[in-house]
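The values are calculated or read from the model by the stated rules, or taken from the named source; none is laboratory data. Just so we're clear, the structure is a prediction, and the values are computed from it rather than from any experiment. With ideal geometry, Cβ positions are generated from the backbone for all residues, glycine too; neighbour counts draw on all protein chains shown. SASA here: full protein model, heavy atoms, side chains in, ligands and nucleic acids out. Shrake-Rupley method; radii C 1.70, N 1.55, O 1.52, S 1.80 Å.
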Amino acid sequence: MYLGVLGRLPLAVARALLAALRGRLGALCWSLAPLSLPLPLPGWRRVSAPSPAAPAGPRREREWDDAFPTPTSVNYHFTRQCNYKCGFCFHTAKTSFVLPLEEAKRGLAMLKEAGMEKINFSGGEPFLQDRGEFVGRLVQFCKQELKLPSVSIVSNGSLIRERWFKKYGEYLDILAISCDSFDENVNVLIGRGQGKKNHVENLHKLRQWCREYAVAFKINSVINRFNVEEDMNEQIKALNPVRWKVFQCLLIEGENSGEDALREAEKFVISDEDFEQFLDRHKDISCLVPESNQKMRDSYLILDEYMRFLNCRNGRKEPSKSILDVGIEAAIKFSGFDEKMFLRRGGKYVWSKADMKLDW
């Protein structure tokens with residue numbers, strides 16, 4: 001009956017209806033998960049780990065060799081569009097594409113089935129799409145339907161309004177705000193200037209909303225040529241984030257470096273020694289989490305706007321096929337993800353606000 005109806009509809013409408021049906025099926029599978037029914041999601045094939053009791057030999061070795069990493073923590077850059085023009089940005093606005101909501105949900109359900117525990121929504125700027133409604137609905141889906149232990153967002157904070165917290169704050173574990181300097185003139189030089197808006201003042205307002213709506217507050221800073229000499233001790237201690245992630249400015253060919261790039265980040269680059277000196281100046285901050293270029297390249301699972309894993313090992317972003325087309329197992333093999341490095345850099349931590357002892 002449904003096929004007959006679809007056959008009479010315009011192609012674009014039929015495709016949209018099929019996407020919605022697939023999304024509904026994914027949600028249904030997860031609602032039945034507690035019953036332990038064998039309901040694999042579309043595009044996903046269950047692979048059983050070899051039994052410890054299985055006999056040794058070539059077959060067992062092949063099974064282990066074919067093992068693929070678990071997507072425990074995934075960074076989903078669902079949009080490349082941004083209202084800032086940070087000179088060192090390594091995920092630039094090459095397209096305006098955003099997946100339909102139900103297709104994004106289908107992919108997220110597949111990731112949960114494969115072992116995902118934490119999802120981080122990023123961009124671009126996540127709050128640009130539908131004034132934050134798109135990311136809000138994804139956050140709610142991941143927490144309410146998929147029941148993920150941790151759901152987080154990375155944002156520049158400029159477009160977040162209190163009404164968003166009122167509607168979606170209960171579903172969000174961590175909000176990470178990018179702040180590279182507490183000197184507004186430096187923020188303008190970097191590309192975070194927004195006319196009369198003050199990036200630092202807005203940061204303090206967001207910090208207060210996170211307290212009021214029980215969302216863990218995090219700060220991300222990219223250390224570069226314009227802020228490497230800055231002393232941020234006093235300001236970071238006053239804001240008291242649960243984590244202060246400090247990145248070394250990274251070059252990615254085709255993104256912020258090279259002929260095809262939309263940014264020229266070479267003038268922002270600092271040496272390893274410069275980065276270490278910045279870290280040493282802030283060593284007394286307990287929430288400091290440093291990340292050098294080497295740690296960043298292969299210890300993150302990154303999905304782009306098409307839900308393709310991005311392999312950054314060779315200094316550029318090389319995409320896999322979309323998980324929506326080939327499934328998690330086939331796509332993740334080309335991600336370049338180093339699971340051991342992920343654990344070594346402390347990628348897994350107390351990331352659910354239900355487990356955090358915080359003074360909201």
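Only the Cβ atoms of Lys and Arg (+1) and of Asp and Glu (-1) were treated as charged; on that basis the dipole of segment 215-360 about its Cα centre amounts to roughly 660 debye.
Taking only protein heavy atoms and a 1.4 Å probe, the accessible area of segment 142-282 is 44% carbon and sulfur. Taking all protein chains into account, the per residue accessible area for segment 107-169 stands at 33 Å² (1.4 Å probe). Hey, quick one: spin label on Gln294, modelled 7 Å out along Cα-Cβ, who in segment 242-279 has an amide N within reach, i.e. under 18 Å? Only 246-251, 270-279 fall inside the zone, counting backbone N under 18 Å. Determine, from the Cβ-Cβ distance of Lys237 and Asp183 and an R0 of 22 Å, the FRET efficiency 1/(1 + (r/R0)^6), rounded to the nearest 0.05. The computed FRET efficiency comes out at 0.80.
Rounded to the nearest 0.05, the FRET efficiency derived from the C-beta distance between Asp284 and Leu159 at R0 = 35 Å is 0.55.
Pairs Lys85/Lys357; Lys85/Lys205; Lys333/Lys357: which exceed 31 Å Cα-Cα? Cα-Cα > 31 Å for Lys85/Lys357; Lys333/Lys357; rest within.
Sorting the segments 211-218, 122-129 by their residues' average number of neighbouring beta-carbon atoms within 10 angstrom, most packed first, yields 122-129, 211-218. Using the Cβ-Cβ distance between Gln144 and Glu276 with R0 set to 35 Å, the FRET efficiency from 1/(1 + (r/R0)^6) comes to roughly 0.25. For segment 142-284, the direction-averaged projected area of the alpha-carbon convex hull comes to 10.2 nm².
As a rough guide to protection, the peptides 347-357, 110-120 ranked by mean Cβ packing within 10 Å, highest first, stand as 110-120, 347-357.
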